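A.B. asks: First the structure, which I've put down as structure tokens, then a few questions once you've had a look.
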Amino acid sequence: MVTADTRRVIAAGAIGNVLEWYDFAIYGYFAVAIGRTFFPKEDAVAQVLAAFGIFAIGYLMRPVGGALVGHIGDKFGRRSALTFSVMAMAVPTFLVGVLPGYQTLGVLAPIALTLLRMVQGLSVGGEYTTSVVFIIERAPPGRRGMLGAIAACGALGGILLGSATGALLAALMPAEAMEQWGWRIPFVIGLFVGLAGFFLRRHLRETVPAGGAKRSPLAETFRLHGRVVVRLAGLAVFNAVSFYLLFVYLVSWIQTVDGIAPVHALEINTISMVAMLFWMLAMGALSDRVGRKPVLLAATVVTFITALPLFWLMHHPQHGLVLLGQLCFVLSVGAFLGVQPTMMVEEVPASVRCTAVALGYNVTLGVIGGLSPLVATWLVNRTADDLSPAYMIMAASVVSFLSVLTFGERSKLPLEVAVAPA
């Protein structure tokens, strides 16, 4: 039975992930309008590339943000870190929505946009991992896997919310109005989501690890727990490659190789993400019964075996076959994504848990995850093999399978948790 206090913890922890990925979705949805607003109008393609280039800069800030927010969480408390990170995401999101464009500010407009995205990248780097730590440390006995999956679902929920907001506005507003100023509305709305997260979090009881790191958490992590960080990074490889290829790159892939219209590509992707929300929760609950390692190992093995056949199945213009292929991927990839957060938290001591998890996860997500769609596009063009992305997913499955083998099975053991200061 989930108590009212547990529900408040879940809401406070997950809302930052929703905001983070809401911003991710609306920035991608309105990248063309953003490019036209903040960059010179001589070259339309260059505008879009510049907009996505600034988006990538935010990703490169993730490891730095992970170290910063992780330090706050391990040194001053989980609540302090989460309060900082949600506002560091909400305020820049709002400012992007009201920032004057190139015609008004000239070259200062893209510079300001870049700085705002860098601040958001700092927030993103610590938000997800710290919220996962926060929620799992407060989970009732025997429910850590389930609550870890709920925390992970915040990301998908944010993507769906952002996409739905963009689609709704596009349906209600004339195209010209959307192009000129309507795209700003979702960014302004982000401030209210952030404020809700701020007030939810500030009233929670603070937690600080007992017997915290004698040095800075970052120094302590590198000195005593470097191998754990490497193993966490290896564990995250599967997440980085599979998620970004199957739910970001794939939307473009099926349009290019199958000739499916963009609206139908997005419909297929949305249906699959909704299915994955429920499947991740089921797999998180299953891991509380059978353990984390069996679920994660099975997920990587099944993905390795089925990646090539499923990409072949999706390499058809029939919408039903593409949807079937992606839903089959949901079964294995969703199982991994639902259990991974709890495995990470259980592996690291409380004194450096926020820092170590943030570093291991964000270095992989920031570098490998950010580059995966680009590498997949290059491989398809270089090899003339439309199934090339499947080989990337198979390679990631091997790396994370080997990483999981190095982890202990701690699902039935008490978790060393942060405690309230005396």
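The values are calculated or read from the model by the stated rules, or taken from the named source; none is laboratory data. None of these values were measured; they are calculated from a predicted model. Quick reminder, even Gly has a Cβ in these numbers, built from the backbone with ideal geometry, and neighbours come from all protein chains shown. In case anyone asks, the SASA skips ligands and DNA or RNA and just uses the protein heavy atoms, side chains included. Shrake-Rupley method; radii C 1.70, N 1.55, O 1.52, S 1.80 Å.
A.B. asks: Is it the case that segment 281-291 has a residue that's touching a residue at least 60 places away in the same chain (Cβ under 8 Å), within 20 Å of SER372 (Cβ to Cβ) and either part of a helix (DSSP H, G or I) or more than 17 Å from the chain's Cα centre (by Cα) (or both)?
C.D. replies: There is no residue in segment 281-291 that is touching a residue at least 60 places away in the same chain (Cβ under 8 Å), within 20 Å of SER372 (Cβ to Cβ) and either part of a helix (DSSP H, G or I) or more than 17 Å from the chain's Cα centre (by Cα) (or both).
A.B. asks: Where residues in segment 21-45 are among the small types (Gly, Ala, Ser) and open to solvent by less than 40 Å² (accessible area, probe 1.4 Å), which of them is modelled with the lowest pLDDT?
C.D. replies: Of segment 21-45, the ones among the small types (Gly, Ala, Ser) are 25, 28, 31, 33, 35, 44.
Those left that are additionally open to solvent by less than 40 Å² (accessible area, probe 1.4 Å): 25, 28, 31, 33, 35.
Details: ALA25: 73, GLY28: 69, ALA31: 72, ALA33: 81, GLY35: 79.
My answer is GLY28.
A.B. asks: Now for a separate question. Could you check segment 97-121 and list, in sequence order, the residues that are surrounded by fewer than 24 Cβ atoms within 10 Å (Cβ to Cβ), in a helix (DSSP H, G or I) and among the hydrophobic types (A, V, I, L, M, F, W, C)?
C.D. replies: Within segment 97-121, VAL98, LEU105, LEU108, ALA109, ILE111, ALA112, LEU115, LEU116, MET118, VAL119 meet the criteria.
A.B. asks: From the list PRO309, PRO317, PRO341, exactly one residue is in a loop (DSSP other than H, G, I, E, B) and either touching a Gly at 6+ places or on another chain (Cβ under 8 Å) or farther than 26 Å from ALA233 by Cβ (or both). Which is it?
C.D. replies: Exactly one residue qualifies, and that residue is PRO317.
A.B. asks: Now for a different question. Filter segment 403-418 for residues that are open to solvent by 40 Å² or more (accessible area, probe 1.4 Å) and either touching a helix residue (DSSP H, G or I) at 6+ places or on another chain (Cβ under 7 Å) or small (Gly, Ala, Ser) (or both) and give the result. Don't jump to the end; show me each part of the working.
C.D. replies: Here is the first cut: in segment 403-418, the ones open to solvent by 40 Å² or more (accessible area, probe 1.4 Å) are 405-406, 409-410, 412-414, 416-417.
Within segment 403-418, THR406, GLU409, ARG410, GLU416, VAL417 meet the criteria.
A.B. asks: Which is crowded, with 19+ Cβ neighbours inside 10 Å, outside any helix (DSSP H, G or I) and out of contact with any Phe, Trp or Tyr (no Cβ under 9 Å at 6 or more places or on another chain), of ALA88, ALA139? Before you say what the answer is, go through the steps one by one.
C.D. replies: Details: ALA88 fails: outside any helix (DSSP H, G or I).
Within the list ALA88, ALA139, the selection yields ALA139.
A.B. asks: Of the residues that sit in segment 162-192 and are modelled with pLDDT under 85 and under 27 Å from PHE134 (Cβ atoms), which one is most open to solvent (accessible area, probe 1.4 Å)?
C.D. replies: Only one residue fits best here, namely ALA164.
A.B. asks: Among the residues of segment 381-391 satisfying the criterion of being in contact (Cβ under 8 Å) with a residue 60 or more places away in the chain and part of a helix (DSSP H, G or I), which is most open to solvent (accessible area, probe 1.4 Å)? Don't jump to the end; show me each part of the working.
C.D. replies: Taking segment 381-391 and keeping what is in contact (Cβ under 8 Å) with a residue 60 or more places away in the chain, we get 386-387, 389-391.
Applying the additional criterion that residues be part of a helix (DSSP H, G or I) yields 389-391.
Numbers: PRO389: 0, ALA390: 0, TYR391: 112 Å².
For segment 381-391, the residue satisfying everything is TYR391.
A.B. asks: Part of a helix (DSSP H, G or I) and modelled with pLDDT of 80 or more: which single residue out of VAL241, VAL263 fits that description? Write out each step before concluding.
C.D. replies: Details: VAL263 fails: modelled with pLDDT of 80 or more.
Testing whether each residue is part of a helix (DSSP H, G or I) and modelled with pLDDT of 80 or more leaves just VAL241.
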